[in-house]
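The values are calculated or read from the model by the stated rules, or taken from the named source; none is laboratory data. A quick note: this is a predicted structure, and the numbers were derived from the prediction, not measured. We place every Cβ from the backbone using ideal geometry, glycine too, and count neighbours over all the protein chains shown.
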Amino acid sequence: MAAAVARGCGGLWRRARQCGAGGPAPHGQRAVASSATGGAVSAGKSGLAPWVPVVGLEIHAQISSNSKLFSGSQVQFAAPPNSLVSFFDASLPGTLPVLNRRCVEAAVMTGLALNCSINKKSLFDRKHYFYADLPAGYQITQQRVPIAVNGSLSYSLCTGNKMSQMVTKTVRIKQIQLEQDSGKSLHDDTRSQTLVDLNRAGVGLMEVVMEPDMCCGEEAAAAVRELQLILQTLGSSQAVMAEGQLRVDANVSVHHPGEPYGVRTEVKNINSIRFLAKAVDYEIQRQIEELENGGTILNETRAFDSKLGCTVPMRDKEGKQDYRFMPEPNLPPLIVYDAKSLPANMNHQQVVNIDWIHERLPDLPSVKREKLVEQYGILPEHSFTLLNEEGLTEFYENVVKQTQMKPKKVIGWILNDLLSYLKQHSLTVKESPVSSFLLADLLNLLEKKDISSTAAKQVLAELWKGEGKTPLEIVKEKKLELIQDQKELEQICQAVIDGQENEVMAIKAGNQKVLNKLIGLVQRETQGRSNPVLVKQLLEKKLSE
Amino acid sequence: MLRASLREVSAALKEGRVSPTELCRRCLSLIKSTKFLNAYITVAEEAALKQAEESEKRYSRGQPLGVLDGIPIAVKDNFNTAGIETTCASNMLKGYVSPYNATVVQKLMDQGAVLLGKTNLDEFAMGSGSTDGVFGPVRNPWSYSRQYKEKSVPKSDSEDEESNWVITGGSSGGSAAAVSSFTCFAALGSDTGGSTRNPAAHCGLVGLKPTYGLISRHGLIPLVNSMDVPGILTRCVDDAAVVLGSLAGHDLKDSTTIQDSFKPFELPNLTDISKLSIGIPKEYHAPGLSSEILAVWSKAADLFKSAGAKVIEVSLPHTRYSIVCYHVLCAAEVASNMARFDGLEYGHRSDMNKSTESMYAATRREGFNDVVRGRILSGNYFLLKQNYENYFIKAQKVRRLIANDFVKVFRSGVDILLTPTTLSDAVPYMEFIKEDNRTRSAQDDILTQAANMAGLPAINVPTALSERGLPVGLQFIGRSFQEKQLLTVARWFEKQVKFPMIQLEVVKRHDHDVVQHQKSASFS
């Protein structure tokens, strides 16, 4: 039951387990104690009232740029440790930050794509804490006035019993702020030492803060997936979670309808979208159980343990930190312009112009999907699948361009054959052994009725081997072309009829289903080289003679 | 030759009257014989001689790089210098060799200047005496001048000479002592609350604090980023203008420098000052101002008046809040700026290895002196969430009011403000250390730090000798980025007052020795 509840995003969650209120004795006692002291959650009430989970997200997206946010060192994943560290990145005394314009443009672009207002003047602040991978002892961020505020993100997810209904929801974006990434600490517990890699220190991040408008893991996952697609479309971030370019922290709480929000926990270390859904749902479930058992929720930071599938408190994040924010004195206010405010004598190469960026925004995923549905007549969920796989839309459109087959029919081959093969073999679209050109070639043979669809699948199976043969060559080699000679086909049909007296009797007695068996036999006789529609016609004609 | 001004010695180099290596050697040897001043933390003898040789080659080819080519200079030890230790007079950075040059250092080198060494200061430039660095206090060369010895009450025995020496002021006391004792022709200081002007006043030098943003701070180890400015210490106003011209301008590495290009200037010879309006801010008649200084100040005002300038009393009403405000902002930025010294990437690291946190704590306890630690502590207190509004934000607001005071006065038609630089002449070291660093800084910065709060250019011009035979200086504060006007007026004033040259016996002896040595060399 728990699992079923976890997937339902209706907004209300029932009690986690039936045993909740009448749990083991110690829990029961605690429940009494908490209601006696007037705690927010009374055990008696929780037995019946539904729970409303509230989920908000803070997402750190690494900006895709050649150099870091405030220094000239290169940005590159998996470079040798400490090979991409400038004097500033290592916080050598006397070094100063110099803002990278590309990072500002990426943030403005992302802000516009998320319907934010762009602040023409934003400020940088220092956030202080001691940590080995934070060499300056503070992070430069935008606490007071971030570059973009008050946006929204629409995302869709599948609901219903068969997960076949698409529902579109919206989450508000509170703000997008520019800030520095930290380095990486590698703890060697056996030798009790910590190794620090500063390659990542100072890389530009956009922190996207989503309001707590979501209510389950699935919604959180769908929202992040949509954000990821948008970032990738814009090119403002590569947003590959496995490489840490997109990192999600989830704020989770539960409360009863009509009551104020519950105490929230923050779940960190979530490094895939699948884990995000799991972590959020686990945390919701955990909080409900805790509260139903009379416990309380601590305002704490927890980590998701992907192996155990659960969240655990983070020891080094215990206790409240006072970050002692203060304005960054070495950076003047960040000014961006629009067409109206742009001073005439300004060098256009050196300023960020919001309008200029707006005009050049590419089609966002939602628009791309609409266009696909409209242009090719495919189902909305197909458009989602096309966009979710990198390069699949382009592949599909290339096939459509090169074939006479209707786009609606092509989509079946793309999603059922190509995609499932790629998934089975853990390949990306780019790595597909069959190019869009070859697939189009094959579909053209099918469309021209040169081969049957059974034969087409056989050809495709050959093509996967990637031996460089064309579909036509395979068809010739394997003799898969349809028998175009009607007389020859009639003879084969006749032979089958002649050999199946009982079946012919049955058909004549009115059992039409048996006809399929005869068609099958003809197919077998022709090794799939006959057109089943034509065969059926021929058989019917002969049987009615 | 060593007592010449920078421009004079530059002319001598050009005319071949002296060679860069000879000049460099003489300075190095004078540094040795004035070692007791403790002006230098590091003397880069070898590197300096190499630079001098390079310079010599350029001169012999007839292609010197400019006025600064071959000129021996010194740099305060809080500017990064590639290959030469940069310590900030702190255990934290003892032995630290930076991999890069501060922009100002690079600019000097690019113009052929010969870097003799790094000068002493208060630890991380926190102080006003140059007494609180890990390498010990700097002695004011005037302590050993004939002027001081004649006028200060002679106490019979030699023990008194040891206890009578006076401080240089600070925190750029090493740079001031270096220029004042003729070991170099110009030196870089830094000025956050008066750290260049204060020792300039006590050592009888010109000390220029340019407008915030005119000179790059890249490579200057910060005290307060929003107030720090590289300062220039020279023996005359003309020299300060030369050095300013070689340093000013936009730096890609410092986003707070002005975008407009800077044109070096020669100072015009001011003859008619009747169009000049000099403001005398009454608030600078501060409690504790010595009558002697007050008299010098009044006399200077009269001088301008009698030469035809308009001299008017003005008011900068928020001046009295300035020092408190300065301390809050300074401590807050210090707390932040010092956070990077954790022993991991560079600098001192404690042997304590129980945990990362205990290592941080021990490193910072061992690395910083009490003054630095005290400011870090109070700065962090001011920045706490519950205090931020009441301290930091309030101080920022007051800072704005202080800056506005200046704007209003300048808008009313005043060109230059004339004020004292210090409350009194330099005090003996034994006297100075009776008070703690905080109290002393509060007193000593009182007349200088408002210019830092407002970012304005200000200059100390040595004016007269006190009754004890020690230098007294006055401060001119100008409009933002109006250095040319400020220096022009300062130069006119300099000409009128004819401040006497220090009569340093050790230098005389030394010059004599050199001459002797050269003679004997030529005979052999």
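Only one entry in B:VAL409, B:VAL472 is surrounded by 20 or more Cβ atoms within 10 Å (Cβ to Cβ) and aliphatic (A, V, I, L, M), namely B:VAL472. Every listed requirement among (1) at positive phi; (2) within 13 Å of chain A (Cβ to nearest Cβ) is met by B:GLY308 save one, (2).
Let me confirm something: among B:THR256, B:THR234, B:THR196, which residue is surrounded by fewer than 24 Cβ atoms within 10 Å (Cβ to Cβ) and not basic (Lys, Arg)?
Exactly one of B:THR256, B:THR234, B:THR196 is surrounded by fewer than 24 Cβ atoms within 10 Å (Cβ to Cβ) and not basic (Lys, Arg), namely B:THR256.
Once the range A:185-200 is narrowed to residues that are within 19 Å of A:HIS60 (Cβ to Cβ) and in contact with a strand residue (DSSP E or B) (Cβ under 7 Å, 6 or more places away or on another chain), the residue that is surrounded by the most Cβ atoms within 10 Å (Cβ to Cβ) is A:ARG200.
At least 3 residues being out of contact with any strand residue (DSSP E or B) (no Cβ under 6 Å at 6 or more places or on another chain) and of a type in the set (D, E, K, R) is the threshold, and among the helices (runs of 4 or more DSSP H) wholly inside the range A:363-471 those reaching it are A:365-376, A:392-402.
Applying the selection to the range A:75-103, what residues are under 32 Å from the mean Cα position of the chain (by Cα), at pLDDT 95 or above and among the polar types (S, T, N, Q)? Those that are under 32 Å from the mean Cα position of the chain (by Cα), at pLDDT 95 or above and among the polar types (S, T, N, Q): A:ASN82, A:SER83, A:ASN100.
For residues in the range A:138-161 being in a loop (DSSP other than H, G, I, E, B) and crowded, with 16+ Cβ neighbours inside 10 Å, which is farthest from the other protein chains (Cβ to nearest Cβ)? Among those that are in a loop (DSSP other than H, G, I, E, B) and crowded, with 16+ Cβ neighbours inside 10 Å, it is A:PRO146.
The single residue among A:PRO135, A:PRO93, A:PRO97 that is without any contact (Cβ under 8 Å) to a residue 60 or more places away in the chain, buried (at least 21 other Cβ atoms within 10 Å of the Cβ), closer than 17 Å to A:PHE70 by Cα and of a type outside the set (Asp, Glu) turns out to be A:PRO93. Residues in the range B:320-340 that are more than 12 Å from chain A (Cβ to nearest Cβ), hydroxyl-bearing (Ser, Thr, Tyr) and buried (at least 22 other Cβ atoms within 10 Å of the Cβ): B:SER322, B:TYR326. Quick check on the range B:108-157: of everything there that is in a helix (DSSP H, G or I) and charged (D, E, K, R), which residue is surrounded by the most Cβ atoms within 10 Å (Cβ to Cβ)? Among them, the one singled out is B:GLU123.
Residues considered: B:VAL105, B:VAL75. Of these, the only one that is hydrophobic (A, V, I, L, M, F, W, C), under 17 Å from the mean Cα position of the chain (by Cα) and part of a helix (DSSP H, G or I) is B:VAL105. Is one or more of the residues making up the range B:341-360 over 23 Å from A:PRO135 (Cβ atoms), within 14 Å of chain A (Cβ to nearest Cβ), without any contact (Cβ under 8 Å) to a residue 60 or more places away in the chain and surrounded by 20 or more Cβ atoms within 10 Å (Cβ to Cβ)? No, the range B:341-360 has no match at all. Evaluate the following for B:LYS94: is it within 14 Å of chain A (Cβ to nearest Cβ), in contact with a Lys or Arg (Cβ under 9 Å, 6 or more places away or on another chain) and of a type in the set (Lys, Arg)? Here the answer is no, as B:LYS94 does not meet what is asked. Filter the range A:117-132 down to the residues that are more than 14 Å from chain B (Cβ to nearest Cβ) and not in a loop (DSSP other than H, G, I, E, B), then identify the one that is surrounded by the most Cβ atoms within 10 Å (Cβ to Cβ). Filtering the range A:117-132 for residues that are more than 14 Å from chain B (Cβ to nearest Cβ) and not in a loop (DSSP other than H, G, I, E, B), the one surrounded by the most Cβ atoms within 10 Å (Cβ to Cβ) comes out as A:SER122. The residue list B:ARG320, B:ARG373 contains one member that is farther than 19 Å from B:GLU283 by Cβ and of a type in the set (D, E, K, R), which is B:ARG373. When A:ILE474 is tested against the conditions (1) of a type outside the set (Asp, Glu); (2) in the same structural domain as A:LEU418 (by TED's automatic domain parsing); (3) part of a loop (DSSP other than H, G, I, E, B), the lone failure is (3).
If you scan the range A:110-132, which residues turn out to be in contact (Cβ under 8 Å) with a residue 24 or more places away in the chain and over 28 Å from A:ILE173 (Cα atoms)?
A:TYR131, A:ALA132
Can you tell me which residue is farthest from the chain's Cα centre (by Cα) among those in the range B:244-266 that are more than 14 Å from chain A (Cβ to nearest Cβ) and at pLDDT 95 or above? So the residue we want is B:GLY249. The set of residues in the range A:526-539 being buried (at least 16 other Cβ atoms within 10 Å of the Cβ) and part of a helix (DSSP H, G or I) consists of A:PRO532, A:LEU534, A:VAL535, A:LYS536, A:LEU538, A:LEU539.
Beta carbons closer than 7 Å, at least 6 apart along the sequence or on distinct chains, pair a first residue in the range B:366-382 that is more than 12 Å from every other protein chain (Cβ to nearest Cβ) and touching a residue at least 60 places away in the same chain (Cβ under 8 Å) with a second that is buried (at least 23 other Cβ atoms within 10 Å of the Cβ) and among the aromatic types (Phe, Trp, Tyr) for B:GLY367/B:PHE341; B:VAL372/B:PHE124.
The requirement of being assigned by TED's automatic domain parsing to the domain that holds A:VAL252, over 26 Å from A:PHE384 (Cβ atoms), among the basic types (Lys, Arg) and part of a strand (DSSP E or B) is satisfied by A:LYS174.
Residue count for the range A:220-265 satisfying the condition of being within 24 Å of A:LEU291 (Cβ to Cβ) and more than 11 Å from the chain's Cα centre (by Cα): 17. Among the residues of the range A:83-105, at least one is away from chain B (no Cβ under 14 Å), within 19 Å of A:LEU195 (Cβ to Cβ) and part of a loop (DSSP other than H, G, I, E, B).
Quick one: B:PHE124 ticks every box in (1) among the hydrophobic types (A, V, I, L, M, F, W, C); (2) farther than 21 Å from B:LEU465 by Cβ; (3) away from every other protein chain (no Cβ under 14 Å) bar one, so which box is it? Single failed check for B:PHE124: (3). With respect to B:LEU220, determine if the residue is on the phi < 0 side of the Ramachandran plot and more than 14 Å from every other protein chain (Cβ to nearest Cβ). Here the answer is no, as B:LEU220 does not meet what is asked. Out of A:GLN500, A:GLN523, A:GLN512, one residue alone is at negative phi, free of Cβ contacts under 8 Å to residues at least 24 places away in the same chain and either touching a His at 6+ places or on another chain (Cβ under 6 Å) or surrounded by 12 or more Cβ atoms within 10 Å (Cβ to Cβ) (or both). It is A:GLN500.
Could you look through the range A:332-351, keep only residues that are β-branched (Val, Ile, Thr) and at pLDDT 95 or above, and pick out the one that is surrounded by the fewest Cβ atoms within 10 Å (Cβ to Cβ)? That would be A:ILE335.
Within the range B:423-455, the set of residues being of a type in the set (Ser, Thr, Tyr) and buried (at least 17 other Cβ atoms within 10 Å of the Cβ) comprises B:SER424, B:TYR429, B:SER441, B:THR448.
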